[in-house]
Each structure stands twice: as C-alpha cells, then as structure tokens.
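No value in this document is a laboratory result; all are computed from the given coordinates. The model shown is predicted, which means the values in this text are computed figures rather than measured ones. Here Cβ is always computed from backbone atoms with ideal geometry, including for glycine, and neighbour counts include all displayed protein chains.
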Amino acid sequence: MTSAAPTIPRRPQQSKTAMARQVKEQRRGYARAVLAALARSLSGRPAAQVRRVLQDSLRPLGVRLSPTELQAIAKNISTGQPVQLP
C-alpha cells in the first residue's frame, strides 16, 4: 500500500497581498502603542532626548519619519501634549 504525498494548495497572489497588508497594519498598530507608551513615560523630558528615543524605538518597526515630523512629535511629548503618528 503506497500513498501519494498530499499536495499543498498554492496561495494565490491576492492572498499574499492581503497578508502583506495585514502585517503592515499590525506593525502600524504596534507603532501607535509604542508611541503612546513613550509619550506617557517621556513626558517632561528634554525634546532632544525624546527625539532620540523615538527614533531608536520606531525605526525597527519600519516607521520612518522626516526630521521635522520627528521633532514636532518630540516637542509635543516633552510638553505633555497628545501625539499621534502622521
């Protein structure tokens, strides 16, 4: 008695695209959570220090902000104002 190996159906291209979109949204959601946590913990610190921590924390998540955006977010965090990703 011999049995053929089961074939694994291939995923269509649309599924790969949907999966990539889902991963991107998950990373974006995680980046928002990291930003909120940093805003709570770094409030009142100098903007330059906040900027460095933000840059180091968001870069591994694939979030790339312009220097102007990064500085504005750091300033808002240091002054205790609400922040969100652009």
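What does the charge count around Ser66 come to, taking other residues whose C-beta lies under 15 Å from its C-beta (Lys +1, Arg +1, Asp -1, Glu -1)? Kindly include the intermediate steps, with their values, before the conclusion.
Numbers: positive: Arg51, Arg59, Arg64, Lys75; negative: Glu69.
Here the charged neighbours net out to +3.
Once the piece of chain linking Leu61 and Tyr30 is laid out straight, how much longer is it, given 0.36 nm per residue of separation minus the C-alpha distance between them? Don't skip to the end; give the middle numbers.
Working: separation 31, 0.36 × 31 = 11.16 nm, distance 0.79 nm.
Length difference between fully extended and current span is 10.4 nm.
Listing Lys16, Lys75 from the residue with the fewest other Cβ atoms within 10 Å to the one with the most, what is the order? All intermediate terms of the calculation are to be shown ahead of the outcome.
Values: Lys16 10, Lys75 14.
Exposure proxy ranking, most exposed first: Lys16, Lys75.
About the Cα centre, and with charges only on the beta carbon of Lys, Arg (+1) and Asp, Glu (-1), how big is the dipole of region 22-78? Nearest 20 debye, please. Kindly include the intermediate steps, with their values, before the conclusion.
On the way: 11 positive and 3 negative charges, 6 e Å.
In debye, rounded to 20, region 22-78 gives about 20.
Please find the FRET efficiency linking Thr68 to Val23, where r is the Cβ-Cβ separation and R0 is fixed at 35 Å, and quote it to the nearest 0.05.
On the way: r = 28 Å, r/R0 = 0.79.
Rounded to the nearest 0.05, the efficiency is 0.80.
Under a no-solvent Debye model with one identical scatterer per Cα of region 22-78, what's log10 I(q)/I(0) at q = 0.17, 0.31 Å⁻¹?
Reported log10 I(q)/I(0), two decimals: -0.49, -1.31.
Expressed in nm to one decimal, what extension gain is obtained for the pair Ala48 and Lys75 from 0.36 nm per residue of sequence separation less their Cα-Cα distance? Mind dumping the intermediate values first?
Details: separation 27, 0.36 × 27 = 9.72 nm, distance 0.84 nm.
Length gained between Ala48 and Lys75: 8.9 nm.
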